[in-house]
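First the structure, in the form of C-alpha cells, and then the observations on it.
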Amino acid sequence: MKKEIESRSNGNCELCGNPANHIFIVSPKSGDSVADCIHICETCNGQLNDLNKVTPKHWRCLNDSIWSEVEAVKVVAYRILSQLKKEGWPNDLLEMMFLDDDTIAWAKNGMENPDIEKHIDSNGVELFSGDSIVIIKDLKVKGGGFTAKRGTTVRNIKLVHNKPDQIEGKVEGQTIILLTEYVKK
C-alpha cells in the first residue's frame, strides 16, 4: 500500500509538493485503503498532528491541492482551509472547491471544535476577517467624537480574539470596536 501511495504522489507531498516521507490516514477512515491515506512531508505532518504549530503562510500551497483528484487530499485541504477562515484568503479557495456530498460529509465529520467561538452578526451569519459589514444602528463612538451612522459599510473587518461579540473596523478613518449585534454581513 505504501508503494502505491508513493507512486500516486511521485514521492511528493500531496498537499504542498515538497518531498514526502509520511503516510497520513485521513480520519475517521481506518487507513485500510489507499483512498483513505495521503502522502505528506515533515512540515505538513507536524502541523496536521499539532494544531498549535499551524502556520497559515505554509498552507497557501493548498491553492493547487484543492484540484487534486484524490478525495482524501481534498478532505484535508477543506479541513485546513476551514480552520484558517479567519485569515481571509482561505474563503476564496473554499468557494472554488467542489466536493461531492460523500466527500463533504467525510470532511466535516468531526471537524467542529466546540471550544472555538464564532463571530456572528445580527442575522446569525458567521463573520470572518476581511469581510465587509453594514452597521444597522446609529452608534456613538466613545472617544471618537462622532456617530457611526446606520447603513455605513465597513470593509476589511478584523475579528477580536477571544471576544466573539466584537470586531474591529475603520469608520471615518478611525479604527473602532463594533459589537456584532449591531452589524450585518
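Any read-out appearing in this document is the output of simple, stated calculations on the displayed coordinates, not a laboratory observation. All values derive from a computational prediction rather than experimental measurement. Cβ coordinates were reconstructed from backbone atoms using ideal geometry, including for glycine residues, and neighbour counts include every protein chain displayed.
Just a few scattered comments:
- For the residue pairs LYS85/LYS184; LYS74/LYS108; LYS85/LYS149; LYS140/LYS184; LYS149/LYS184; LYS57/LYS163, the C-alpha atoms sit more than 20 angstrom apart in LYS85/LYS149; LYS57/LYS163.
- 3J(HN,Hα) along the stretch 130-140: x, 5, 10, 10, 10, 6, 9, 8, 4, 10, 6 Hz, from the Karplus curve 6.51 cos²θ - 1.76 cosθ + 1.60 with θ = phi - 60°, whole Hz, x for Gly and Pro.
- Under-5 Å amide H pairs with VAL171, H placed in peptide plane, nonlocal only: ILE176
- 3J(HN,Hα) along the stretch 13-30, derived from phi through the Karplus expression 6.51 cos²θ - 1.76 cosθ + 1.60 where θ = phi - 60°, amounts to 5, 6, 9, 10, x, 6, x, 9, 9, 10, 9, 10, 8, 7, 5, x, 5, 8 Hz, with x in place of Gly and Pro.
- Cysteines not pairable in the chain (beta carbon separation under 4.7 Å absent): CYS37, CYS44
- Placed amide H near ILE120: partners under 5 Å, 5+ positions off or other chain: LEU127
- For the stretch 133-184, a crude dipole built from +1 on the beta carbon of Lys and Arg and -1 on the beta carbon of Asp and Glu, taken about the Cα centre, is about 80 debye to the nearest 20.
- Given charges at beta-carbon only (K, R positive; D, E negative), |dipole| of the chain in Debye: 980
- Put simply, the amide H of ALA20, placed in the peptide plane, has neighbours under 5 Å in ASN12, CYS13, leaving out anything fewer than 5 places away on its chain.
- Note on the chain: dipole from Cβ charges, positive end direction compared against THR147, ASN21, SER82; the farthest Cα belongs to THR147.
- Relative to one another, the C-alpha centroids of the stretch 171-185 and the stretch 73-98 are positioned 26 Å apart.
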